[in-house]
1. For the chain, what does the equivalent ellipsoid look like in terms of its semi-axes, each the square root of 5 times an eigenvalue of the Cα gyration tensor, given largest first in whole Å?
2. Any chance you could look up the accessible area of Lys67 with a 1.4 Å probe, heavy atoms only, rounded to 10 Å²?
3. May I ask which residue of Pro54, Gln120, Pro108 lies farthest towards the positive end of the charge dipole of the chain, with charges of +1 (Lys, Arg) and -1 (Asp, Glu) on Cβ and the Cα centre as origin?
4. Percent relative contact order of the chain, based on C-alpha pairs within less than 8 angstrom and at least six residues apart?
5. Just to be sure I follow: if Rg is taken over the C-alpha atoms of the stretch 1-63 and Rh is the Kirkwood radius over the same atoms, what is Rg/Rh?
6. How far is helix 41-51 tilted, in degrees, relative to the longest principal axis of the Cα atoms in the chain, given as a value from 0 to 90 rounded to the nearest 10?
7. Once you sort the root eigenvalues of the Cα gyration tensor of the stretch 79-120 as a ≥ b ≥ c, which label holds: rounded (a/c under 1.5), prolate (a/b larger than b/c) or oblate (the other case)?
8. Averaging sequence separations of C-alpha pairs under 8 Å and six or more residues apart, then dividing by the length of the stretch 66-140, give the relative contact order as a whole percent.
Amino acid sequence: MNHITIYHNPSCGTSRNTLAMIRNSGIEPEVILYLKTPPDRAQLLALIAATGQPVIELVRTKEAVFKELGLDAPGTSDAQLVDAMLAHPILINRPIVVSPLGTRLCRPSEQVLDLLPQPQQAAFTKEDGQAVVDGQGRRV
């Protein structure tokens with residue numbers, strides 16, 4: 001019931017904060033380091049569909065390779081974006097969290113709170129100093 005998966009990049013502060021909030025609820029998630037073990041086409045398409053978001057919302061458009069590949073050109077199709085994400089996993093936006101309560105791109109990181117079946121167990125402050133959860137486990 002409490003199985004949670006996070007597609008994680010440890011170099012990303014948002015991803016680290018999201019992982020820490022999952023753990024702050026007392027859950028140890030399955031952590032997929034998607035840059036080392038990227039999803040295959042079926043997995044990626046299933047993740048995109050589960051979020052209910054357009055494909056472009058799950059693409060890191062600020063990565064240099066996005067422009068280098070011409071993905072910012074008008075008329076770029078969802079299929080082209082998915083192909084690029086599979087060839088260049090750095091283009092997959094993160095963190096994506098899968099829980100019994102849904103699947104979401106957790107940007108900002110506190111969006112993960114809506115996916116956690118258990119409450120926060122302690123106060124939580126993001127790496128940038130922003131308080132997200134108070135000492136009683138409630139959102140600030």
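The values are calculated or read from the model by the stated rules, or taken from the named source; none is laboratory data. Since this is a predicted model, take the numbers as computed values, not measurements. Reconstructed Cβ throughout: ideal geometry from the backbone, glycine too, with neighbour counts over all protein chains shown. All accessible areas refer to the heavy atoms of the entire protein, side chains included, with ligands and DNA or RNA removed. Shrake-Rupley method; radii C 1.70, N 1.55, O 1.52, S 1.80 Å.
1. Working: eigenvalues 165, 48, 30 Å².
With the √(5λ) rule applied to the chain, the semi-axes are 29, 15, 12 Å.
2. 140 Å²
3. Positive-most Cα among the choices belongs to Gln120.
4. Worked out over the chain, it gives 30 percent.
5. Numbers: Rg = 12.6 Å, Rh = 13.0 Å.
Computed over Cα atoms, the ratio is 0.97.
6. Tilt of helix 41-51: around 50 degrees.
7. It is prolate, given that a/c is not under 1.5 and a/b is the larger ratio.
8. Numbers: 72 pairs, mean separation 11.2, N = 75.
RCO, the stretch 66-140: 15 percent.
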